[in-house]
Amino acid sequence: MTIGIISFALANSETTFASDHAPIVSINLFVALLCGCIVIGHLLEENRWMNESITALAIGVCTGVIILLTTGGKSSRLLVFSEDLFFIYLLPPIIFNAGFQVKKKQFFRNFMTIMLFGAVGTLISFCVISIGAIHFFKKMNIGDLTLGDYLAIGAIFSATDSVCTLQVLNQDETPLLYSLVFGEGVVNDATSVVLFNAIQTFDLSHINSTMALQYIGNFLYLFILSTLLGVLAGLLSAYIIRKLYFGRHSTDREVALMMLMAYLSYMLAELFSFSAILTVFFCGIVMSHYTWHNVTKSSRVTTKHAFATLSFVSEIFIFLYVGMDALDIEKWRVISDSPGTLVGVSGILLGLILVGRAAFVFPLSFISNLTRKAPHEKVDFKQQVTVWWAGLMRGAVSMALAYNQFTSLGHTQLRGNAMMITSTISVVLFSTVVFGLMTKPLVRLLLPSPKHLTRTLSSEPSTPKSFIVPLIGNEGEPEADQNNRNARRPTSLRMLLTTPSNTVHYYWRKFDDAFMRPVFGGRGFVPFVPGSPTEQNGHQWQ
């Protein structure tokens, strides 16, 4: 699949080779670089400072220098960046795997806080960065930028990249913190893309309160419909696989159907102009809750590793390309007469990112803590600092949006546009490398040895990601949950007022057990078929 993606990109690429075999040569080089990233990343896995994202960036930059020297300064890359390549081929496996692997209980337990950070927080960051850009950049000689460009800058640099932090955090050791950082990152990406699309769609010459309300309504409309589309796609895949049970003849069909249904949900969202990120994310959640339990045991192992592999390769691909494109001579030539201005613009953007992030993390954490009564459920100051730090890095989404706004087919000759593209590259490189290098030491300093939290905070059964223990044997409910279910409970209204999250979860589980799982399958509700995933010990799943 990766080779197919590269071939698609090369169809529109500028090659530096005059030979008829240029596409084949480029594919070989890029695949070799991907292999190099994987090998070197493995060797540096235990390094205190490095991670795979930084490794891929560094290899990309070094490769760009070599290509730049061998072509006499004409080019520094094997591929030309394409928004279609990113949004249609590389992003879906990353987001789907995120939803497929997430611990659902922790995610939905903290759903309101995640939405506060991911939606409201992104809007606050967008306002801070946009207003700051208008205030500072109009005083600097960076070229002609319109109001739409300034607002686009706010959307571009509101898109976080939490990959480095999530590589350090462990969702078994710090479930609350992991779910906040991870969930906020997904919702943040979706909100940033919706914001960006709204800026390009709305008439910005007549901004008023009606337009603001229209945007809020449009966002809610997109969020709800995108979520429903992902849920429906996941349920449809679960129902088809449960009824037809492909695994009795071929596990390949099960795996292929899961992959294609997930990708179909993403492309349908794109077709209807929904938020494809939210759609494929919730499709992954539903598939892991229902579909994954309807397939054979070998299909579960295969899908888990297949989705994780596609996501991993896509991430490496993106960071490797960003590193190579950082030395694109064309964009740097346009602003070569004012390097000081570039440094100033990049520094201002980094400052606005820091301030914009702090402007919502700490106030919204305070508001969230007011709704949490148990001390271990509150987000303490050290965790707030970690959440703040996790969103300082900028990555592939920012790059894709910047290219969409300021270039035409990857090229630009306008000074203002070139300044913003090179500034975006500078911010992505600096934030990923510098902030990323400091992530591991910072997390270890703020959250030393959090393993004692595992037993008290994480009572969720194994997810598809947990293959250290047997797949089926650990799918049962914890004993504490069974005792709680049998204990007498207060009235529904009293429960809702005192513990809203737990109450919603309690009634959802009752509805899920009574109606959803008997229809769509899932843990404990897949009827016995010889050779099926339930096998003879299906009672263990109850």
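Things to note:
- Test result for Ser314, modelled with pLDDT of 90 or more and either of a type in the set (A, V, I, L, M) or buried (at least 20 other Cβ atoms within 10 Å of the Cβ) (or both): no
- Members of the range 174-231 that are more than 30 Å from Phe381 (Cα to Cα) and of a type in the set (Val, Ile, Thr): Val194, Ile199, Thr201, Ile207, Thr210, Ile216, Ile224, Thr227, Val231
- Among all residues of the range 134-142, there is none that is under 20 Å from the mean Cα position of the chain (by Cα), at pLDDT 90 or above and not charged (D, E, K, R).
- Any chance Leu68 is of a type in the set (A, V, I, L, M), at pLDDT below 85 and open to solvent by 30 Å² or more (accessible area, probe 1.4 Å): yes
- Condition broken by Tyr290, with the remaining ones in (1) within 24 Å of Phe520 (Cβ to Cβ); (2) modelled with pLDDT under 90 satisfied: (2)
- Within the range 334-347, the set of residues being of a type in the set (A, V, I, L, M) and open to solvent by less than 40 Å² (accessible area, probe 1.4 Å) comprises Val334, Ile335, Leu342, Val345.
- For the range 181-230, the set of residues classified as over 16 Å from Ala98 (Cα atoms) and among the polar types (S, T, N, Q) consists of Thr191, Ser192, Asn197, Gln200, Thr201, Ser205, Asn208, Ser209, Thr210, Gln214, Asn218, Ser226, listed by residue number.
- The set of residues from the range 45-65 being at pLDDT below 80 and among the aliphatic types (A, V, I, L, M) comprises just one member, Met50.
- Only one of Leu350, Leu354, Leu310, Leu327 that is outside any helix (DSSP H, G or I), out of contact with any Cys (no Cβ under 7 Å at 6 or more places or on another chain) and under 26 Å from Thr439 (Cα atoms): Leu327
- Filtering the range 360-388 to residues that are under 23 Å from Leu195 (Cβ atoms) and in contact (Cβ under 8 Å) with a residue 12 or more places away in the chain leaves Phe360, Val361, Phe362, Leu364, Ser365, Ile367, Ser368, Val387, Trp388.
- Test: residue in the range 243-260 that is outside the structural domain of Ile38 (by the TED database), under 30 Å from Ile66 (Cβ atoms) and among the aliphatic types (A, V, I, L, M): no
The values are calculated or read from the model by the stated rules, or taken from the named source; none is laboratory data. Computed from a predicted structure; not experimentally measured. Positions of Cβ are backbone-derived with ideal geometry, glycine not excepted, and every protein chain shown enters the neighbour counts. Remember, those area values only see protein heavy atoms, side chains included, never the ligands or the DNA or RNA. Shrake-Rupley method; radii C 1.70, N 1.55, O 1.52, S 1.80 Å.
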